[in-house]
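Notes follow once the structure below has been shown.
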Amino acid sequence: MRKLIIHLVIMLSFFCMNELQAAPSLEKQPLAQTIRAAISDLTEDNAAFTELKPAEHFHEFLDIQNPRVTMVMCSDSRVQVDNFSQGAENDIFVARNIGNQFVTTQGSIEYGVDVLNTPVLIFVGHSHCGAIKAAMGDISHIAPAIKKELQTLDVKSAKDDKQGVILNVHQQVGKALADFKGKMKEGKLAIIGAVYDFRNDYGYGNGQLIIVNLNGEKRPDAIRESHYFDGLNHVTVGVPATLGSPK
Ligand SMILES: [Zn+2]
C-alpha cells in the first residue's frame, strides 16, 4: 500500500501542477465535453489562422524550410515558442521532450543542425520543470517508457529544482558541444543554453528568457561580451550564483 501511495505521489508531482490546477474545472464538466471543447479550440483556432493568412503567405516555404534556429524545449505545456518568438514559422525547427534533452531527441537535433544547417542551436529549460523535479528523486516506480527518458537526466547533485534546471541546461549544451564541436569552432554554429522563467524563480520577472550558457561559457560577463549580443537591448544573461550550478 505504501508503495502504491509513493507511486501516486511521484506520478502526480511529475505531471506538474497544470493537471492539478485543472482538476476543479474538469470535475465540473463531463469528460466528453472537455474533449469536445479541446478539439473545438484546435479546429476553431486553425480556422481563424487560415482566414488570416492568404495562400501567398505559404508560397515561400511550400517545398523547403529555411529555419535559422534549432530549438530543444521541454514538452511542458506552459512553455511555448510563442512566448519568445513572434515569427517561428519557417524559422524555428523545434524538438521537444521531457527535460529538454539532447540524447532523447538527438536525431531531430542533428537534422536541424546538420541537414537544415541552422546556425543556432538553443536548449530551453524552464522553471518548475516536472522532469527535473522527478529526476532529482526516486524514479524507480515510474512507468518504464517515462523512466527511460528521465534516466538520462543527471541532476541529483542540485540542491533544489531551480539549480537542477540550470545544471541540466549546462549538461545538454555540453552534450551538443561534443557532437557539434567542429561546427562551433568554425563559427558555423552557436550553441545556447537558456531558461524560460514563467514563475520568476530567478528574479528577472515572469516570462523572462534567460541565457545561461553560450558555447560552453557559463560566466555571465563573458557571455555578455560575445559579439553575438552586440547592439541587442533585451538580452538577459545569468542567474544569481546561489541558483546556478552546484560547485
Ligand atoms: Zn519541463
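No other residue among F123, F180 is away from the ligand (no atom under 14 Å from the Cβ), surrounded by 17 or more Cβ atoms within 10 Å (Cβ to Cβ) and not small (G, A, S) apart from F180. Applying a threshold of 7 Å to beta carbon distances and a minimum spacing of six or more residues, or different chains, the list of pairs starting in segment 51-79 at a residue that is of a type in the set (S, T, Y) and ending at one that is within 14 Å of the ligand (Cβ to nearest atom) and modelled with pLDDT under 95 reads S77/N18. If you take the residues in segment 43-68 that are aliphatic (A, V, I, L, M) and open to solvent by 90 Å² or more (accessible area, probe 1.4 Å), which one is nearest to A194 (Cα to Cα)? Only one residue fits best here, namely I64. Flag not set for P144, criterion: closer than 22 Å to E217 by Cβ and either at pLDDT 95 or above or not basic (K, R) (or both). Residues in segment 194-225 that are part of a helix (DSSP H, G or I) and closer than 17 Å to V165 by Cβ: P220 alone.
Collect the residues in segment 157-177 that are surrounded by 24 or more Cβ atoms within 10 Å (Cβ to Cβ) and small (G, A, S), keeping them in residue-number order. Scanning segment 157-177 gives G164, A176. Inclusion of S108 among residues that are among the hydroxyl-bearing types (S, T, Y), open to solvent by 40 Å² or more (accessible area, probe 1.4 Å), over 28 Å from N215 (Cβ atoms) and more than 16 Å from the ligand (Cβ to nearest atom) is not warranted. Just one residue in the set K133, K185, K147 is free of Cβ contacts under 8 Å to residues at least 12 places away in the same chain and either touching a Cys at 6+ places or on another chain (Cβ under 9 Å) or closer than 27 Å to D201 by Cα (or both); that residue is K147. Tallying residues that are modelled with pLDDT under 95 and open to solvent by 50 Å² or more (accessible area, probe 1.4 Å) within segment 69-88 yields 4.
The values are calculated or read from the model by the stated rules, or taken from the named source; none is laboratory data. Small disclaimer: the values here were computed from a predicted structure and weren't measured. All Cβ positions, even for glycine, are placed from backbone atoms using ideal geometry, and neighbour counts span all protein chains on display. All accessible areas refer to the heavy atoms of the entire protein, side chains included, with ligands and DNA or RNA removed. Shrake-Rupley method; radii C 1.70, N 1.55, O 1.52, S 1.80 Å.
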